[in-house]
Amino acid sequence: MTITAELIIKGDITTIWDIVSDVANWPAWDPHEEGARLDGPFKAGTKGWSKPRKGPATDWLLTKVEDKHVWGSESHIPGGKISGESRFEPLGDGTVRCTKLVQVSGTLVPLFWLYFKRPVQHDLHESLKALQNEVARRQK
């Protein structure tokens, strides 16, 4: 199961990347996050932790980091795993296409789909809108 959200944000890629790679500051601008930390540098192999406002705290692992382009993470859930990827594509006109993808795999996918698909999709969109607001705030 894959859930996606996309938003084109007016701003430069450096500002966007600085915001999304500052994990400890996520709760300051993202309404989805209640707490977050990264246990090392923002690179593949580093462990992190976050507590969404509407869900349980979870440990995760950065699985992919391509500077100012993409980052991905993965966490285990009972009977499977959740993988996320955030992509950033400068469009050459002062905007950046920002895409969030969440993939859920394992035996509990049908239950996850039934109970969590809509809330997760909503949170992905809200996080992108909040990112847009934070970019605008920082670029004033």
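The values are calculated or read from the model by the stated rules, or taken from the named source; none is laboratory data. The model shown is predicted, which means the values in this text are computed figures rather than measured ones. We place every Cβ from the backbone using ideal geometry, glycine too, and count neighbours over all the protein chains shown.
Within segment 23-55, being free of Cβ contacts under 8 Å to residues at least 12 places away in the same chain and either within 15 Å of Arg137 (Cβ to Cβ) or in contact with a helix residue (DSSP H, G or I) (Cβ under 6 Å, 6 or more places away or on another chain) (or both) holds for Asn25, Ala28. Of the numbered criteria (1) surrounded by fewer than 13 Cβ atoms within 10 Å (Cβ to Cβ); (2) modelled with pLDDT under 95, the one Pro41 fails is (2).
Given the structure, is Arg97 within 21 Å of Lys129 (Cα to Cα), touching a residue at least 24 places away in the same chain (Cβ under 8 Å) and part of a strand (DSSP E or B)? Yes; evaluated as a whole, the condition is true for this residue.
Among the residues of segment 65-80, those that are modelled with pLDDT of 95 or more and loosely packed, with under 14 Cβ neighbours inside 10 Å comprise Glu66, Asp67. The requirement of being free of Cβ contacts under 8 Å to residues at least 24 places away in the same chain and either among the charged types (D, E, K, R) or more than 11 Å from Thr4 (Cβ to Cβ) (or both) is not satisfied by Asp123. With the condition kept exactly as written, say whether any residue in segment 87-100 is at pLDDT 95 or above, in contact with a Phe, Trp or Tyr (Cβ under 9 Å, 6 or more places away or on another chain), acidic (Asp, Glu) and surrounded by 14 or more Cβ atoms within 10 Å (Cβ to Cβ). No: zero hits. Annotation: Thr107 fulfils all but one of (1) under 23 Å from Asp67 (Cβ atoms); (2) in contact (Cβ under 8 Å) with a residue 12 or more places away in the chain; (3) not hydrophobic (A, V, I, L, M, F, W, C); the unmet one is (1). Restricting Leu62, Leu7 to residues that are of a type outside the set (Val, Ile, Thr), in contact (Cβ under 8 Å) with a residue 40 or more places away in the chain and surrounded by 16 or more Cβ atoms within 10 Å (Cβ to Cβ) narrows the list to Leu7.
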